[in-house]
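The values are calculated or read from the model by the stated rules, or taken from the named source; none is laboratory data. Source: prediction; values computed, not measured. All Cβ positions, glycine included, derive from the backbone under ideal geometry; neighbour counts span all protein chains shown.
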């Protein structure tokens with residue numbers, strides 16, 4: 001692939017108007033881009049439109065036997081969370097230095113295990129909406145794989161706290177996240193203790209990190225009507241929510257010795273009960289709060305529909321959340337069945353995040369890597385490494401967050417490498433045009449005909465048309 005020839009063609013393509021689509025394929029393309037990670041070869045012929053695909057996805061299509069065998073084998077080969085943590089801590093104790101090769105190998109294996117399962121499902125699972133929801137909810141309840149023990153806990157966090165609950169009740173999802181050691185470690189609640197508590201590492205005090213993010217990011221939102229006093233009181237409620245590595249099972253444990261048993265007033269209410277039950281009561285209140293419904297509705301609408309979602313759409317989704325007591329299937333169904341979600345003017349209006357771009361590119365080319373390292377390197381290069389968001393607010397899904405000239409150049413270079421490594425020959429451009437259908441506008445198609453056939457696949461994947469979905 002001649003990089004200079006490819007990049008020289010991009011200004012012509014970037015100046016072209018987007019989306020002069022064939023009307024009959026627009027609903028199918030919109031469904032494949034929003035309810036899935038983009039079309040694979042033949043999908044535009046199979047999918048009959050937005051509503052048929054939504055019905056199919058809500059019914060949870062059967063996982064093909066071959067894919068299920070691969071996923072089962074992958075799980076069977078993985079160490080348990082307990083085994084990972086024991087190995088990590090043992091390596092750390094043997095050599096606490098920064099250049100610990102044994103620890104680095106354990107971390108790299110954990111990262112590959114987590115990413116391989118996520119990417120394999122995103123590429124090949126027929127339950128595409130489910131995979132989009134796993135991506136959404138992990139990002140909503142983000143933990144950073146680069147922080148300490150989180151390095152070896154992320155795979156278990158997704159498998160146990162996120163994935164089982166994406167079609168269930170928000171309260172169950174919230175509780176699973178609150179109790180998982182990855183979240184307890186990431187936001188430091190495992191250290192939080194009542195005033196005066198003295199542990200093995202000396203006197204430990206109250207830590208407000210998780211309490212703050214639980215309200216600001218996970219539920220009520222920054223305008224949720226709480227004050228700093230409520231953050232402190234919630235942190236007191238959650239003292240004792242920890243996990244104990246000494247037992248070796250690395251699961252949630254309520255440590256009554258750490259818990260602050262004093263009276264607490266939170267959001268103007270006296271917190272009832274004692275001990276662990278106080279935390280459960282607060283999670284109940286947060287899960288059912290109207291501000292939580294509004295925040296979840298807005299974020300879902302922004303993820304699936306538009307950067308600045310329609311107010312009526314958000315309100316209808318929030319009402320579905322409240323009326324169903326946080327039933328996420330009912331909430332997502334209300335969102336995606338709303339007329340705004342499938343409006344024709346929104347077709348191709350979202351700029352793909354790097355993860356969506358890379359996955360949609362591999363799907364369009366029908367590529368499932370045998371070695372995931374280049375894919376992970378590509379995501380790092382594009383600025384969105386899998387499980388790599390440092391801050392608890394997660395990755396932004398908006399055009400503003402990702403669109404700039406340098407990013408487009410990096411995407412074009414990646415498209416060229418993918419086309420070259422996959423051996424996409426002169427005929428690959430025509431195959432991609434068939435796969436993507438009206439996503440590639442007539443003007444772009446006309447411009448492509450002026451370029452050598454060997455460059456066309458890379459130009460399609462790097463084009464502005466393909467960046468939007």
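Table for the structure above
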{"quantity": "Filter pass, residue 132 being assigned to a helix (DSSP H, G or I) and over 18 Å from the mean Cα position of the chain (by Cα)", "calculated": "no"}
{"quantity": "Residue satisfying condition, being under 25 Å from residue 304 (Cβ atoms) and free of Cβ contacts under 8 Å to residues at least 12 places away in the same chain, within set 324, 360", "calculated": "324"}
{"quantity": "Enumeration of residues in region 145-160 that are under 13 Å from residue 109 (Cα atoms) and assigned to a loop (DSSP other than H, G, I, E, B)", "calculated": "145, 153"}
{"quantity": "Of the criteria (1) within 19 Å of residue 208 (Cα to Cα); (2) under 26 Å from the mean Cα position of the chain (by Cα); (3) touching a residue at least 40 places away in the same chain (Cβ under 8 Å), which one residue 239 fails", "calculated": "(2)"}
{"quantity": "Residue under evaluation residue 286, criteria (1) closer than 25 Å to residue 82 by Cβ; (2) buried (at least 21 other Cβ atoms within 10 Å of the Cβ); (3) in contact (Cβ under 8 Å) with a residue 40 or more places away in the chain, criterion not met", "calculated": "(1)"}
{"quantity": "Selected residue [assigned to a loop (DSSP other than H, G, I, E, B), outside the structural domain of residue 66 (by the TED database), modelled with pLDDT under 95 and in contact with a helix residue (DSSP H, G or I) (Cβ under 7 Å, 6 or more places away or on another chain)] from 438, 369", "calculated": "369"}
{"quantity": "Contacts under 6 angstrom Cβ, first residue in region 337-353 being under 18 Å from residue 298 (Cβ atoms), partner assigned to a loop (DSSP other than H, G, I, E, B) and modelled with pLDDT under 95, 6 or more apart", "calculated": "350/469"}
{"quantity": "Flag for residue 394 being within 29 Å of residue 136 (Cα to Cα) and surrounded by fewer than 19 Cβ atoms within 10 Å (Cβ to Cβ)", "calculated": "yes"}
{"quantity": "Region 265-281: number of residues that are in a helix (DSSP H, G or I), out of contact with any helix residue (DSSP H, G or I) (no Cβ under 6 Å at 6 or more places or on another chain) and closer than 16 Å to residue 232 by Cβ", "calculated": "0"}
{"quantity": "Scope region 107-133; condition within 28 Å of residue 209 (Cβ to Cβ), surrounded by fewer than 20 Cβ atoms within 10 Å (Cβ to Cβ) and touching a helix residue (DSSP H, G or I) at 6+ places or on another chain (Cβ under 8 Å); matching residues", "calculated": "107"}
{"quantity": "Selection status of residue 431, surrounded by 14 or more Cβ atoms within 10 Å (Cβ to Cβ), in contact (Cβ under 8 Å) with a residue 60 or more places away in the chain, in contact with a strand residue (DSSP E or B) (Cβ under 9 Å, 6 or more places away or on another chain) and within 20 Å of residue 32 (Cβ to Cβ)", "calculated": "no"}
{"quantity": "Test: residue in region 163-177 that is surrounded by 21 or more Cβ atoms within 10 Å (Cβ to Cβ), outside the structural domain of residue 392 (by the TED database) and at positive phi", "calculated": "no"}
{"quantity": "Residues satisfying the stated conditions in region 386-406, i.e. within 28 Å of residue 108 (Cα to Cα) and either in contact (Cβ under 8 Å) with a residue 40 or more places away in the chain or in the same structural domain as residue 116 (by the TED database) (or both)", "calculated": "386, 387, 388, 389, 390, 391, 392, 393, 394, 395, 397, 402"}
{"quantity": "Residue that is without any contact (Cβ under 8 Å) to a residue 60 or more places away in the chain, farther than 27 Å from residue 402 by Cα, buried (at least 22 other Cβ atoms within 10 Å of the Cβ) and not assigned by the TED database to the domain that holds residue 110, where the choices are 378, 318, 301", "calculated": "318"}
{"quantity": "Selection count, region 73-124, where residues are assigned to a helix (DSSP H, G or I) and within 30 Å of residue 365 (Cβ to Cβ)", "calculated": "22"}
{"quantity": "Looking only at region 18-46, and only at residues there that are under 20 Å from residue 343 (Cα atoms) and exposed (fewer than 15 other Cβ atoms within 10 Å of the Cβ), the one that is modelled with the highest pLDDT", "calculated": "24"}
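Matching residues to (1) touching a helix residue (DSSP H, G or I) at 6+ places or on another chain (Cβ under 7 Å); (2) part of a helix (DSSP H, G or I); (3) more than 24 Å from residue 352 (Cα to Cα):
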| site | (1), (2), (3) |
| --- | --- |
| 263 | no, no, yes |
| 283 | yes, yes, yes |
| 293 | yes, yes, yes |
| 300 | yes, yes, no |
| 308 | no, no, no |
| 320 | yes, yes, yes |
